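J.: First the structure, then my questions, so here it is.
The values are calculated or read from the model by the stated rules, or taken from the named source; none is laboratory data. Bear in mind that the values here come from a model prediction, so they are computed numbers and not experimental data. For neighbour counting, all protein chains shown are included, and Cβ atoms are generated from backbone atoms with ideal geometry for every residue, glycine included.
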Amino acid sequence: MSRNVIIVGANRGIGLELVKCYKKQGDDVIAVCRQASDELKALDVTLVEGIDVKKDTTVADLASKIPFSKIDILIHNAGILRGDSFQNLNLEDMREQFEVNSLGPLKTVMSLHELFKEGTKVGLVSSRVGSIDDNSSGQNYGYRASKTALNMIGTNLALEFKDKGVAFALLHPGYVRTEMTGGGGLIDPDEAAAGLYQRMEELSIETTGLFVHSSGEKLHW
Ligand SMILES: NC(=O)c1ccc[n+]([C@@H]2O[C@H](COP(=O)([O-])OP(=O)(O)OC[C@H]3O[C@@H](n4cnc5c(N)ncnc54)[C@H](OP(=O)(O)O)[C@@H]3O)[C@@H](O)[C@H]2O)c1
């Protein structure tokens, strides 16, 4: 049976490949983005455009644009990286990363949670570099801290919704060759998306709140 799937940040990179993955399974996919790329348009899925996760009002309006009565799978993938170091910290860039990477996923959940029913699964795309335990190389103050904040928000949401049977995962895609990394990385977006798809398949209310690599490796906080 086809499932109701929403991907936020579906335009390119890992998000676009997630859309392809779920569509291939025959699921009913809604791709949420600011402005659809030609590649996304070519996939022939339902598009919801005009959603900038920085803007409180457009995300709040998202629920009114979703024709589902229940969401089976929601993945918030939208994110930005503004590289920095202590010598060139830009506080505006830091704020923007918190707005998109930490508050963006929270606002998506705030907007859509009335469509969560028992069995709904929510994936929040975080990053291993948000792990405090794993930080051995420093740098990227804004990006790291915004993903650490997302990890805390995600674990809170997992606790909040556990009794309702809604499971959350904090997902690390791997080091992926996308625009974000300037094409650097160890794997391609389709491989990352295939791994994230599997992690979402495995996610259950028993494992809610986990922080996991697309490879399946459980990550430290
Ligand atoms: N690539 C990696 O190695 C890596 C590693 C760890 C975690 N991640 C995470 O994986 C996710 C996807 O990254 P990616 O590598 O695929 O990056 P990407 O190619 O740069 O794609 C980023 C996506 O986020 C969307 N986005 C950015 N700001 C937005 C906003 N304000 N409102 C709505 N959508 C917005 C972009 O849409 P537009 O096309 O409209 O800009 C695009 O679809 C991010 O959360 C990132 O932090 C990536």
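J.: Do the conditions hold for residue 77, that is, is it within 21 Å of residue 169 (Cβ to Cβ), modelled with pLDDT of 95 or more and in contact with a Lys or Arg (Cβ under 7 Å, 6 or more places away or on another chain)? Write out each step before concluding.
T.: Values: within 21 Å of residue 169 (Cβ to Cβ): yes; modelled with pLDDT of 95 or more: yes; in contact with a Lys or Arg (Cβ under 7 Å, 6 or more places away or on another chain): no.
Against the criterion (within 21 Å of residue 169 (Cβ to Cβ), modelled with pLDDT of 95 or more and in contact with a Lys or Arg (Cβ under 7 Å, 6 or more places away or on another chain)), residue 77 does not qualify.
J.: Condition check: assigned to a helix (DSSP H, G or I) and buried (at least 19 other Cβ atoms within 10 Å of the Cβ). Does residue 100 satisfy that?
T.: The answer is yes for residue 100.
Okay, residues lined up against (1) within 13 Å of the ligand (Cβ to nearest atom); (2) within 22 Å of residue 206 (Cα to Cα):
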{"site": "134", "(1), (2)": "yes, no"}
{"site": "143", "(1), (2)": "yes, no"}
{"site": "150", "(1), (2)": "yes, yes"}
{"site": "158", "(1), (2)": "no, yes"}
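J.: Report yes if residue 206 is of a type in the set (D, E, K, R), out of contact with any strand residue (DSSP E or B) (no Cβ under 6 Å at 6 or more places or on another chain) and assigned to a helix (DSSP H, G or I), otherwise no.
T.: The answer is no for residue 206.
J.: Further question: In the set 82, 128, which member is of a type in the set (Lys, Arg), within 9 Å of the ligand (Cβ to nearest atom) and either in contact (Cβ under 8 Å) with a residue 24 or more places away in the chain or in contact with a His (Cβ under 6 Å, 6 or more places away or on another chain) (or both)? Step through it out loud before you land on a result.
T.: On the way: 82 fails: within 9 Å of the ligand (Cβ to nearest atom).
Sole residue among the options that is of a type in the set (Lys, Arg), within 9 Å of the ligand (Cβ to nearest atom) and either in contact (Cβ under 8 Å) with a residue 24 or more places away in the chain or in contact with a His (Cβ under 6 Å, 6 or more places away or on another chain) (or both): 128.
J.: Examine region 168-185 for a residue that is away from the ligand (no atom under 12 Å from the Cβ) and either in a loop (DSSP other than H, G, I, E, B) or small (Gly, Ala, Ser) (or both), and state whether such a residue exists.
T.: Yes, region 168-185 contains a residue that is away from the ligand (no atom under 12 Å from the Cβ) and either in a loop (DSSP other than H, G, I, E, B) or small (Gly, Ala, Ser) (or both).
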